[in-house]
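Here's the structure we're looking at; comments come further down.
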Amino acid sequence: MQGANLVGFNTNFLPTFPIFKTTQHLFCHLKQAYPTASSTFASMGNDEFTTTTTTTVRVPRVLTVAGSDSGAGAGIQADMKACAALGVYCTTVITAVTAQNTAGVQGIHTVPADFVEKQMLSVLTDIGADVVKTGMLPTVDIIRSICDVLKTYPVTALVVDPVLVATSGDELAGPAVLDVLREELLPMADLVTPNLPEASALIGGENVVNISDMREAAQAIHALGPRNVLVKGGHLPGTGGMVDVLYDGVDWHELSGSRVETHNTHGTGCTLASAIAAELAKGHPMLPAILAAKQYLADTLQQSAGLNIGRGAQGPLNHLYKLSNWGKTSTERQFKPEALLLYAVTDAAMNKRWGRSTADAVRGAIEGGATIIQIREKEAETGEFLREAEASLKVARHYGIPLLINDRIDIAMACDADGIHLGQSDLPVAQARALLGPEKIIGVSCKTPEQAEKAWKDGADYIGSGGVYPTTTKKDNKTIGLDGLREVCYGSPIPVVAIGGISTSNAGQVMQEPRPQNLKGVAVVSALFNQADVVASTQALRSVLARTVKKSSPVVPLL
Ligand SMILES: Nc1ncnc2c1ncn2[C@@H]1O[C@H](COP(=O)(O)OP(=O)(O)O)[C@@H](O)[C@H]1O
Ligand SMILES: Cc1ncc(COP(=O)(O)O)c(N)n1
Ligand SMILES: [Mg+2]
């Protein structure tokens with residue numbers, strides 16, 4: 001993940017944006033932040049709120065006035081998805097229907113200006129809007145209609161993305177609209193977001209090809225009347241960082257971030273402008289709204305980099321990656337029970353004693369044949385735990401071995417581990433599943449079939465059951481023995497891995513036939529890590545397992 005860094009941030013900037021135009025708006029935003037406090041607000045004389053304790057939820061609203069993209073990468077479709085991803089209700093006024101895909105624009109069918117106006121009135125007289133965002137505005141008449149409507153129905157903020165040319169290079173609005181854009185719409189805008197060619201067109205055709213040009217262009221466009229100008233640097237030559245330049249009439253701010261190497265950039269401009277509109281609609285001031293939107297776009301670009309949609313040069317983004325992570329739904333990424341065969345659980349104290357880092361221990365275990373890793377850290381501080389987890393994850397990813405975090409869901413989420421292993425007194429499984437989503441692996445320690453069944457119902461992928469034998473790694477741990485293990489296996493609808501005092505000398509006994517079909521392997525700590533040579537110890541255990549478990553995993557060959 002890369003963030004947007006701010007260079008030359010001026011604190012004077014924040015109060016100058018009139019996000020709360022009236023006291024009424026301030027109440028609305030307070031109400032949004034404290035939805036249960038309705039009676040307090042009602043007593044302040046604001047009749048928008050009920051006087052009882054009934055909670056009315058006021059949803060932030062963005063109205064996008066833009067063109068439809070049949071390929072759903074840009075335009076109205078991108079706007080709706082970006083707003084939805086950011087928790088904002090998005091209404092849509094369509095200015096043109098484009099026949100468009102990842103290769104380019106094949107046709108444009110413009111909607112008559114009076115019908116654009118009709119759509120706007122339908123929305124504004126009923127649902128209303130906190131922020132209006134405009135995109136493709138193909139005719140002078142459409143722009144004039146929008147200006148007229150906005151004069152009658154003013155909104156908290158107007159974001160103008162002066163769309164002229166699609167990423168593919170196809171023209172979406174001709175030079176004929178430039179004058180009315182400059183003279184009528186831009187003066188009403190709180191923010192205008194041209195890309196480099198659009199900035200150049202707005203200032204009369206002068207080239208904008210570097211940061212100094214972007215600063216000058218931002219200033220010249222600001223002189224046309226908008227309160228803020230964000231000149232976007234997606235088209236800057238070179239492969240280095242990404243810089244957008246923001247000018248607020250007083251200062252320039254260079255908003256930098258890293259370039260994501262991807263051809264899936266169709267709709268980035270629409271997405272950014274909509275995301276800014278969404279953040280403004282939530283009540284954020286301009287600069288924080290822009291930074292939050294850039295972060296959302298950077299994360300989305302990152303999450304969409306490997307997608308393969310369409311045959312053209314510019315693919316779309318997965319705006320809703322938090323709901324459906326397309327990059328992780330391929331069968332390769334899903335949990336495979338066979339991965340439980342040789343489950344290595346790290347122990348920081350042991351590794352310290354042998355003078356190795358957790359990541360080195362993980363590398364040794366994987367090179368010796370471990371098929372899944374769990375980072376278990378009971379003492380370390382959060383920052384140190386996270387660094388260890390990140391370093392270990394790098395190693396595990398290199399070998400394609402799943403890596404889970406013991407207990408700490410915050411660490412698992414922060415480093416984007418493959419999942420988590422929970423104890424009976426840790427975070428409940430259902431909550432962990434809700435936080436991690438459907439793709440991550442969740443394992444649960446269970447000593448009884450009842451616990452195993454509950455873990456399964458709550459969304460766990462596997463059960464860790466033990467202690468099979470007495471162990472020194474876990475204090476006050478009740479030993480359930482081989483019989484207890486089998487009982488859990490027979491009562492468990494999901495795969496089980498045995499744990500507790502297992503080593504090369506007894507792993508064969510644990511896995512011997514007849515074996516419950518869902519007993520998939522053994523989890524070990526000391527047998528691998530309280531040893532001088534982690535690779536050799538893991539290899540030794542892997543050979544024992546290979547002898548007993550005939551059908552060893554096809555996905556995790558002995559390295
Ligand atoms: N490959 C990329 N990696 C990271 N950010 C990008 C990338 N491409 C574009 N952006 C960002 O997306 C936003 C829109 O960029 P730009 O391409 O300039 O506009 P448009 O899509 O309107 O042509 C900008 O904030 C830019 O910095
Ligand atoms: C209907 C429509 N509106 C806008 C764009 C610009 O796309 P981008 O976000 O890549 O600048 C587009 N390609 N199609
Ligand atoms: Mg654009």
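Values quoted throughout were computed directly from the atomic coordinates according to the rules given, and no laboratory measurement underlies them. All values reported here derive from a predicted model rather than from experimental measurement. Every residue, glycine among them, receives a Cβ derived from its backbone with ideal geometry; neighbour counts consider all protein chains shown.
Details
- Among beta bridges from DSSP that stay inside the range 170-301, the antiparallel ones total about 85%.
- Sorting 140-147, 408-415 by their mean Cβ neighbour count within 10 Å, with the most densely packed peptide first, gives 140-147, 408-415.
- HN-Hα J in Hz across the range 168-176 - Karplus 6.51, -1.76, 1.60, θ = phi - 60°, x for Gly and Pro: 6, x, 6, 6, 10, 8, x, x, 4
- Summary of packing: across the peptides 105-114, 523-532, the per-residue average of other C-beta atoms within 10 Å ranks them, highest first, as 523-532, 105-114.
- Folded to 0 to 90 degrees: helix 211-222 orientation relative to the chain principal axis, Cα: 50 degrees
- Dipole magnitude of the chain, debye to nearest 20 (Cβ charges: Lys/Arg +1, Asp/Glu -1, about Cα centre): 2180 debye
- Residue pairs, from the table Lys118/Lys151; Lys322/Lys440; Lys336/Lys378; Lys133/Lys232; Lys81/Lys294, whose Cα atoms sit over 18 Å apart: Lys336/Lys378
- Rounded to 5, percent antiparallel among DSSP beta bridges of the chain: 30 percent
- Per-residue 3J(HN,Hα) values for the range 94-109, derived from phi via the Karplus relation 6.51 cos²θ - 1.76 cosθ + 1.60 with θ = phi - 60°, read 9, 9, 7, 9, 9, 8, 8, 8, 6, 8, x, 9, 9, x, 9, 10 Hz in sequence order (x marks Gly and Pro).
- Ordering Ala157, Ile221, Pro194 by Cα displacement along the dipole of the range 144-236 toward the positive end leaves Ala157 in first place; charges were set at the Cβ atoms of Lys, Arg (+1) and Asp, Glu (-1).
- Estimated dipole of the range 146-280 in Debye, rounded to 20 [Cβ of Lys and Arg +1, of Asp and Glu -1, Cα centre]: 140 debye
- Between the residues Thr139, Ile127, Ala173, the greatest Cα displacement towards the positive end of the dipole of the range 127-175, with unit charges on the Cβ of Lys, Arg, Asp and Glu, is found for Ile127.
- The range 322-439 shape via C-alpha gyration tensor axes, a/c threshold 1.5: oblate
- For the range 224-376, size of Cβ-based charge dipole, Lys and Arg +1, Asp and Glu -1, in debye: 380 debye
- Shape analysis of the range 110-205 places it in the prolate category; the axes a ≥ b ≥ c from the Cα gyration tensor give an a/c of at least 1.5, with a/b above b/c.
- Relative contact order (%) - criterion: Cα under 8 Å, at least six apart; region: the chain: 11 percent
- Legend: P(r) of the chain from all alpha carbon pair distances, 20 Å bins from 0, whole percents, reading 19, 40, 29, 12, 0.
- Dividing the summed helix terms, -39500 (n - 2.57) for each DSSP H run of n ≥ 4, by the number of residues in the chain produces a 222 nm estimate of -10500 deg cm²/dmol to the nearest 500.
- Peptides 95-102, 150-157 ranked from most to least packed by the mean count of surrounding Cβ atoms within 10 Å: 95-102, 150-157.
- Tilt relative to the chain, helix 449-458 - C-alpha long axis, 0 to 90 degrees, to 10: 10 degrees
- Prolate/oblate/rounded call for the range 283-379, Cα gyration tensor, a/c under 1.5 rounded: oblate
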